[in-house]
1. Out of 69, 84, I need the residue that is open to solvent by less than 20 Å² (accessible area, probe 1.4 Å) and among the aliphatic types (A, V, I, L, M). Which one?
2. Looking only at residues in the range 226-255 that are open to solvent by 10 Å² or more (accessible area, probe 1.4 Å) and aliphatic (A, V, I, L, M), which one is nearest to the chain's Cα centre (by Cα)?
3. Is it the case, given these coordinates, that residue 276 is touching a His at 6+ places or on another chain (Cβ under 8 Å), closer than 29 Å to residue 253 by Cα and at pLDDT 95 or above?
4. If we keep just the residues of the range 43-61 that are small (Gly, Ala, Ser) and either open to solvent by less than 10 Å² (accessible area, probe 1.4 Å) or at pLDDT 90 or above (or both), which is nearest to the chain's Cα centre (by Cα)?
5. Starting from residues that are hydrophobic (A, V, I, L, M, F, W, C) and in contact with a Lys or Arg (Cβ under 7 Å, 6 or more places away or on another chain), keep the ones in the range 62-97 and report whichever is modelled with the lowest pLDDT.
6. Which one of these is touching a residue at least 12 places away in the same chain (Cβ under 8 Å) and under 26 Å from residue 481 (Cβ atoms): 234, 230, 213?
7. May I ask you to list the residues in the range 420-441 that are surrounded by 24 or more Cβ atoms within 10 Å (Cβ to Cβ) and either of a type in the set (Asp, Glu) or over 16 Å from residue 281 (Cα atoms) (or both)?
8. Restricting to the range 301-326, count the residues that are assigned to a loop (DSSP other than H, G, I, E, B) and either within 25 Å of residue 223 (Cβ to Cβ) or β-branched (Val, Ile, Thr) (or both).
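The values are calculated or read from the model by the stated rules, or taken from the named source; none is laboratory data. Computed from a prediction, not measured in an experiment: that's the story for all the values here. No Cβ is skipped: glycine too gets one built from the backbone with ideal geometry, and neighbour counts run over all protein chains shown. Only protein heavy atoms, including side chains, enter the accessible area calculation; ligands, DNA and RNA are left aside. Shrake-Rupley method; radii C 1.70, N 1.55, O 1.52, S 1.80 Å.
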Amino acid sequence: MLGGGGLVGANVYASATEDGGADPARTLSSPAGTIDCPDVGSRLTAVPDGAKEDVAKELALLDQQIAEAYQRLQESAQAVQQDAGFADSAIMTPLKDKRTATIERIAIAVDRQGERPEGLESLAPCTLRAADSGNGDQGNGGQDEGGGNETGEEDADQGSEQPGNGGQPGNGGQAGNGPVAADFADITAVQPNVPSPALQQDASRGTFATSCGVNENGLFNSDNVIVAPGVSNGAHHFHDYVGNQANDAFASDEDLANAETTCVDQGDKSTYYWPVIRLQNGTQEQDANSPGGGIEGNAGEIVTPKEVTLTFVGNPRSKVTEMPRLLRIITGDAKAFVNGTANANASWSCTGLEDRQLKDKYPLCPQGSDVVRTFKFQSCWDGQNIDSANHRTHVAFAAADGSCPEGFKAIPQLVQRIVYDVDAPSLQDGGRTTPLFAVDSFPEQLHKPVTDHGDFINVFAEDLMGEMVDCINEGRECGAGAGQGGDPGEEEPSQEPQPTQSPDTPPGGNEEPEPGNGGGEPTQAPATEQPATKPPAAEEPAAEEPATEAPETEPAKDDKPTVSSTVAPKSYGTPSATQDATAPAQGGSADDDADAGSAPAQTQPAAVGDESGADSGTEPQAVAGGLAETGTTLWPAAAGAVLLVAGFLLLMRTRRRAG
């Protein structure tokens, strides 16, 4: 009787002491993995002008198809675990069929205007990367898109050490979709690894800085006018915008030229944008139930940068020439986790320690030091094109000595430095005490730091661009932002750095040279064991049982997008996020909106200033446990009840015999 009563009491107590019955890691805490699809856009090195609009829409549709398939994969995690063939039949095969039809339309569109591209049909199949074997690994080893599943440079054992692909306890808002503890590294354990190129006699030694604010206006959207013009939610994640204020999917060159700008020098109407950073604290932003936001796994409080410096620098061996107006440059690869690191260019560090850069880890900064993202853009131009079919081949990185590829010209190099006042997360408790932070990403990229990227469109007035080039070539410091910010590797924190909150956090090495740097030899930090994280708390019984039937396999169909089928462009003002300070951080996912799960790109975002759904404080983006899981948490109480009843009957029989 005592044993049975103890089991009942302990079980009731454990259930009663859970955080409101919602475990932050409850949603997708046992994910099925992620989806690795060949990047079709990177294979298109030549697209005729007459086919560009159609091709851009079809490429955006491929991204949408992956996002929808990934969401179905997460929603079907239990079915995938129970039936090894379920994912292939219900998710991967339909995805392949849809991609086959879309890729064929791309080939036809190009063929109508020029020469049909060969080999695109082989890019239709995608690979399911299991949570226990691939999701902790960096990229696919730099594979040629579409080939193999070899893992890359990130810790090979991460997938087995972490629960699933991100069942991070306390990870409010993105639990199951990343990041995980192994995505972070102590910056103080990294050896200096930023080389300083030797300046030759004809080097252009000057700098030109423009000052455009930190997006205090709160201008966000999930479009990408460079990669997916005319397609709403083409990025599937949110961007910060500074400078040009007209940037959305439907902005024409004329719109950009006539737009307002946040830059101090009004002659700079260029657009600078990058994925936002969010705190995984359960806060619901205005995009919590919108495409590009919570529906696609980008959840939590958007962090406004503390400081943004935009500096154009010269070339270590030659003078620079003017950038052409409306030149478009993308640096980094938003899909580097599955594409491999061939185009990755992420650089994470901390103020005062910027001579130490991390490529595939978020930094754990010491006390008194802030998180820094640095983007060094391509600085060689082919002399003819302002863009290219894959948005890469018209520009290139200079070699370590500053030399450009044959036929390319040196142009001013944009160095974009973004500083955030965020604390080092508490990895031991999965961010419950101090929340994790993560960059927004495509849903299947699991918020890996290696996917960080930046975008730039040159809308400088021609006379101001001329002034910039003269300033840089003459070795002067010029521009409205001159003297602001700090130089990487030279800035010191305001106080002596203190140890991070997670002393047992592994140091992160940087084994990848800067793209185009001539294959320098960065220093690798010493490797240590990954930090241990606490297991998720016991789950409270659910109020109702979710559907357990496997989702019906959708037949492949011709779902070609049109302008009328896309939602209106999304521009958000300052987020009206609300958070109950007394509530614990709560987890969540895109599972809240069942309708959105089938067609995320068709969901209308909340209008600017619309606080419906946010006026009651922070709401968890999570679902309760199913009936089967309820049974797993109640079995101790049930066993205890049986023991209690048996003990009572035994006592009664003993008393009767004694009488």
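1. Being open to solvent by less than 20 Å² (accessible area, probe 1.4 Å) and among the aliphatic types (A, V, I, L, M) holds for just one of 69, 84, which is 69.
2. Going through the qualifying residues, I end up with 227.
3. On the way: touching a His at 6+ places or on another chain (Cβ under 8 Å): yes; closer than 29 Å to residue 253 by Cα: yes; at pLDDT 95 or above: yes.
Criteria met by residue 276.
4. First pass over the range 43-61, keeping only residues small (Gly, Ala, Ser): 46, 50-51, 56, 60.
Cutting the leftovers down to either open to solvent by less than 10 Å² (accessible area, probe 1.4 Å) or at pLDDT 90 or above (or both) gives us 50-51, 56, 60.
Numbers: 50: 32, 51: 30, 56: 22, 60: 17 Å.
Applying the filter and picking the extreme gives 60.
5. Initial filter on the range 62-97 (hydrophobic (A, V, I, L, M, F, W, C)): 62, 66-67, 69, 73, 77, 79-80, 84, 86-87, 90-92, 95.
Now restrict to residues that are in contact with a Lys or Arg (Cβ under 7 Å, 6 or more places away or on another chain): 62, 91.
Numbers: 62: 97, 91: 94.
Here the answer is 91.
6. Residue meeting the stated conditions: 213.
7. Of all residues in the range 420-441, those surrounded by 24 or more Cβ atoms within 10 Å (Cβ to Cβ) come to 424-425, 427, 430-431, 435-441.
Those that are surrounded by 24 or more Cβ atoms within 10 Å (Cβ to Cβ) and either of a type in the set (Asp, Glu) or over 16 Å from residue 281 (Cα atoms) (or both): 440, 441.
8. Of the range 301-326, the ones assigned to a loop (DSSP other than H, G, I, E, B) are 303-306, 314-326.
Now narrow it down to the ones that are either within 25 Å of residue 223 (Cβ to Cβ) or β-branched (Val, Ile, Thr) (or both): 303-305, 320-321, 323-326.
Number of matching residues: 9.
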